[in-house]
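Novice: I am attaching a structure below and will ask some questions about it afterwards.
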């Protein structure tokens with residue numbers, strides 16, 4: 001019997017939670033006309049002229065200072081990107097102000113329309129387009145319109161006008177969206193570019209890369225990336241499970257089992273963590289431990305799916321002397337309406353009843369299995385049991401049924417049909 005490896009969690013659970021790109025108040029240009037009107041309304045034209053000259057001098061100093069020293073990134077301090085000094089123009093300022101106000105008010109659809117207008121305006125400068133695009137990307141993500149989100153993110157990155165936190169945050173977000181869209185090759189390319197340009201070394205960023213490698217089936221590479229990342233930031237059960245499965249699939253099952261044991265011990269209420277440990281035990285041929293853990297889960301009510309009960313009774317059915325446990329597991333699962341009765345269920349039940357000397361129940365289960373079987377093997381087994389019980393007419397009828405459905409060795413059925421007696 002071939003048993004599955006670690007049960008993969010849903011993608012959303014294993015993939016890093018989708019980050020929100022850094023959206024800060026945009027760098028607005030000073031609106032001279034608005035300030036002049038405020039001053040000149042008092043009839044002091046000379047004062048307005050002097051104030052305007054002072055502002056221009058101050059703006060020149062500020063521009064020189066910001067050009068000389070780029071803003072320091074809080075999230076990506078190791079990045080070497082030369083950060084451009086982008087800001088909104090005088091005409092673009094009110095548009096970005098209105099866009100930001102709409103976005104912060106939670107009016108996503110309206111914000112996206114406003115952002116599209118700014119992006120499509122030939123008069124918008126690169127910074128204005130980048131800022132509008134990053135906001136539009138967030139609205140698209142909220143609407144789960146991931147293709148549009150990627151287009152907006154690409155546009156914002158191409159403008160090369162946002163600060164490092166926003167610029168690299170969008171790069172990271174791009175890789176995450178591709179992971180969620182199952183574009184694992186694209187995600188790996190995106191995260192590699194992000195890591196190369198941002199020089200990020202945090203565990204979350206490295207796990208993102210490890211997850212992309214894992215999804216591409218490059219398990220040894222994934223384990224090599226994940227191992228130091230997980231060690232540097234313990235306490236993430238999803239990351240631990242991803243590392244354990246990467247190790248297991250790349251052949252290091254013993255180390256994978258140790259990690260899975262640690263995760264399950266810390267999270268006894270986490271059904272998935274315990275199932276992953278079961279798979280580790282099976283892969284390292286610790287079948288008794290796997291059965292014991294699944295039995296604990298059965299008693300604590302953690303077996304809630306058809307596949308849960310199916311896995312436990314399949315393990316019991318392959319361990320000599322566990323016939324009654326097989327029977328109990330199957331009957332409990334069916335009585336709860338969780339385990340769906342089918343050919344394999346009835347066949348395992350029939351065999352367990354027969355080998356625990358519960359012949360009448362074995363015959364009843366074999367009859368149900370024979371009716372559901374695609375071939376005549378279960379019917380032949382039923383015929384054999386009936387023959388042993390000296391119920392010859394019934395045995396012959398079962399053998400005839402077996403022949404009609406098809407057998408690998410039809411001569412076995414013919415021998416039963418040829419028995420003396422009606």
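The values are calculated or read from the model by the stated rules, or taken from the named source; none is laboratory data. Only a predicted model underlies this, so the values are computations on that prediction, with no experimental measurement involved. Ideal geometry is used to build each Cβ from the backbone, glycine not excepted, and the neighbour counts take in all protein chains shown.
Novice: Which number in (1) part of a loop (DSSP other than H, G, I, E, B); (2) touching a helix residue (DSSP H, G or I) at 6+ places or on another chain (Cβ under 7 Å); (3) at pLDDT below 95 marks the one condition that residue 280 misses?
Specialist: Of the numbered conditions (1) part of a loop (DSSP other than H, G, I, E, B); (2) touching a helix residue (DSSP H, G or I) at 6+ places or on another chain (Cβ under 7 Å); (3) at pLDDT below 95, the odd one out for residue 280 is (1).
Novice: Continuing with this model, one more query. Would you check if residue 333 is crowded, with 23+ Cβ neighbours inside 10 Å and either touching a residue at least 60 places away in the same chain (Cβ under 8 Å) or more than 20 Å from residue 374 (Cβ to Cβ) (or both)? Spell out the reasoning first.
Specialist: Values: crowded, with 23+ Cβ neighbours inside 10 Å: yes; either touching a residue at least 60 places away in the same chain (Cβ under 8 Å) or more than 20 Å from residue 374 (Cβ to Cβ) (or both): yes.
Spelling it out, residue 333 is indeed crowded, with 23+ Cβ neighbours inside 10 Å and either touching a residue at least 60 places away in the same chain (Cβ under 8 Å) or more than 20 Å from residue 374 (Cβ to Cβ) (or both).
Novice: Further question: For the subset of region 191-200 comprising residues that are assigned to a helix (DSSP H, G or I) and in contact (Cβ under 8 Å) with a residue 40 or more places away in the chain, which member is surrounded by the most Cβ atoms within 10 Å (Cβ to Cβ)? Steps first, answer last, please.
Specialist: Filtering region 191-200 down to residues assigned to a helix (DSSP H, G or I) leaves 191-198.
Those left that are additionally in contact (Cβ under 8 Å) with a residue 40 or more places away in the chain: 197-198.
Numbers: 197: 16, 198: 25.
Once the filter is applied, the top-ranked residue is 198.
Novice: Also, quick follow-up: If you take the residues of region 372-387 that are within 40 Å of the chain's Cα centre (by Cα) and either surrounded by fewer than 19 Cβ atoms within 10 Å (Cβ to Cβ) or without any contact (Cβ under 8 Å) to a residue 24 or more places away in the chain (or both), which of them is farthest from residue 414 (Cα to Cα)?
Specialist: Once the filter is applied, the top-ranked residue is 372.
Novice: Which of the numbered conditions does residue 188 fail, given that it passes all the others? Conditions: (1) modelled with pLDDT of 95 or more; (2) not in a helix (DSSP H, G or I).
Specialist: Among (1) modelled with pLDDT of 95 or more; (2) not in a helix (DSSP H, G or I), residue 188 violates only (2).
Novice: Before we move on, is residue 178 free of Cβ contacts under 8 Å to residues at least 24 places away in the same chain and over 19 Å from residue 127 (Cβ atoms)?
Specialist: The answer is no for residue 178.
Novice: Run down 314, 356 and say which single residue is in contact (Cβ under 8 Å) with a residue 40 or more places away in the chain and surrounded by 14 or more Cβ atoms within 10 Å (Cβ to Cβ).
Specialist: 314
Novice: Report the residue count in region 216-243 for those that are in a helix (DSSP H, G or I), surrounded by fewer than 21 Cβ atoms within 10 Å (Cβ to Cβ) and touching a residue at least 24 places away in the same chain (Cβ under 8 Å).
Specialist: 5
Novice: Run down 116, 121, 145, 165 and say which single residue is within 27 Å of the chain's Cα centre (by Cα), modelled with pLDDT of 95 or more and surrounded by fewer than 22 Cβ atoms within 10 Å (Cβ to Cβ).
Specialist: On the way: 116 fails: within 27 Å of the chain's Cα centre (by Cα); 121 fails: within 27 Å of the chain's Cα centre (by Cα); 165 fails: modelled with pLDDT of 95 or more.
Result of the check over 116, 121, 145, 165: 145.
Novice: Separate question: Does any residue of region 310-318 turn out to be at pLDDT below 95, out of contact with any strand residue (DSSP E or B) (no Cβ under 7 Å at 6 or more places or on another chain) and over 28 Å from residue 267 (Cα atoms)?
Specialist: yes
Novice: Here's another thing I want to ask about it. Which one of 134, 172 is buried (at least 22 other Cβ atoms within 10 Å of the Cβ) and closer than 21 Å to residue 207 by Cβ?
Specialist: 172
Novice: I've got another one for you. Just need a number here: residues in region 95-124 that are more than 25 Å from residue 168 (Cβ to Cβ), in contact (Cβ under 8 Å) with a residue 24 or more places away in the chain and either part of a helix (DSSP H, G or I) or touching a helix residue (DSSP H, G or I) at 6+ places or on another chain (Cβ under 7 Å) (or both).
Specialist: 3
Novice: Can you name the condition, by its number, that residue 246 falls short on among (1) touching a helix residue (DSSP H, G or I) at 6+ places or on another chain (Cβ under 6 Å); (2) in contact (Cβ under 8 Å) with a residue 60 or more places away in the chain?
Specialist: The one condition residue 246 does not meet is (2).
Novice: Out of region 125-173, which residues are touching a residue at least 60 places away in the same chain (Cβ under 8 Å) and not in a helix (DSSP H, G or I)?
Specialist: 160, 161, 162, 163
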